[in-house]
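Everything on this sheet refers to the single structure shown next.
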């Protein structure tokens with residue numbers, strides 16, 4: 001019975017944890033499966049509108065490839081059972097700075113093109129106040145309101161650290177002033193979280209995991225989130241942009257180049273805010289060796305400096321300064 005898998009996963013808890021779910025491999029007589037269990041009390045720092053299982057069911061019905069099969073879902077207790085995808089996590093074989101297997105950027109664009117064909121009426125119901133189709137400024141405002149909410153929620157606890165790291169009192173202002181200039185563009189289904197740790201290279205193709213952040217929204221936002229999180233090499237980035245522009249329908253390409261930069265500005269600011277909180281929490285709640293901690297601090301410094309360009313910092317912040325300030329805040 002499926003509940004037995006859930007109980008086994010609770011006992012094992014030996015899977016990979018994301019920010020919102022535990023993923024536990026359980027071996028069964030029919031082969032391994034993944035039991036996906038929501039993390040109780042996880043801080044919500046992203047826009048979420050649909051239960052993941054409903055998105056996966058819609059994708060299966062529309063025959064979208066590159067997606068794991070949903071085998072079972074339960075509300076009480078809350079868990080899902082997904083097919084186990086044999087293969088390698090892309091981040092393990094090609095972390096940032098390492099050239100990707102050519103199939104990865106190819107399949108990313110292939111996925112985006114497939115998602116653009118999923119009809120709205122085949123997807124779960126939208127929130128009643130969701131922006132009307134094509135209203136990209138309203139869609140973008142929903143994104144930034146979530147980021148503003150994260151900043152407001154954690155400002156009391158991390159306010160001194162934010163200030164010391166150079167985060168302005170109103171960090172979203174440089175982004176909000178650009179939303180009204182977005183081009184109106186039809187909405188499509190977007191994954192909204194395609195990055196190296198959410199991809200498995202399996203039998204020569206890529207399977208994309210973690211659909212909990214899927215949205216009905218601007219396809220250029222999808223592209224921006226992906227580019228921001230992937231950190232492609234320059235030629236890989238150019239190839240992805242070129243192929244994306246060639247395969248997407250013309251109606252989705254209006255004004256995309258300028259709007260891509262606008263969405264990227266939001267993602268850089270969001271990362272600086274969210275990851276200041278998340279990384280500080282990680283360093284507080286876990287034992288890291290010196291190399292792991294150095295890597296985490298280095299990533300945070302990169303994210304802060306990327307946002308610093310949006311905030312027009314006079315000079316970048318050094319890793320040593322970031323490390324000292326974070327330790328001062330959490331010690």
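Derivation of every value follows stated rules applied to the coordinates shown; laboratory data play no part. Bear in mind the structure is a predicted one, so any value in this text is a computation, not a measurement. All Cβ positions, even for glycine, are placed from backbone atoms using ideal geometry, and neighbour counts span all protein chains on display.
See the values below:
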item	result
Most to least packed among 106-117, 168-179, 270-281, 43-54 [average Cβ atoms within 10 Å]	270-281, 106-117, 43-54, 168-179
Relative contact order (%) - criterion: Cα under 8 Å, at least six apart; region: the chain	19 percent
Packing rank of 249-255, 312-318, where each peptide gets the mean count of other beta carbons within 10 Å, highest leading	249-255, 312-318
Highest average packing first - 97-105, 321-329, Cβ atoms within 10 Å	321-329, 97-105
Extension reserve of the residue 60-residue 282 stretch, reckoned as 0.36 nm per residue once the Cα distance is removed	76.4 nm
Virtual paramagnetic centre 7 Å along Cα→Cβ of residue 176, amide N under 20 Å, in the range 247-267	262-267
The chain - Debye-derived log10 I(q)/I(0), Cα point model, q = 0.11, 0.13 Å⁻¹	-0.76, -1.09
Gained length - residue 145 relative to residue 122, 0.36 nm times residue gap less alpha-carbon distance	5.6 nm
Spin-label pair residue 292/residue 76, simplified geometry with 7 Å Cα→Cβ offset, distance in nm	3.8 nm
Extension gain from residue 203 to residue 129, taking 0.36 nm per residue of separation minus the Cα-Cα distance	22.4 nm
Virtual spin-label span in nm between residue 48 and residue 99, 7 Å along Cα→Cβ	3.9 nm
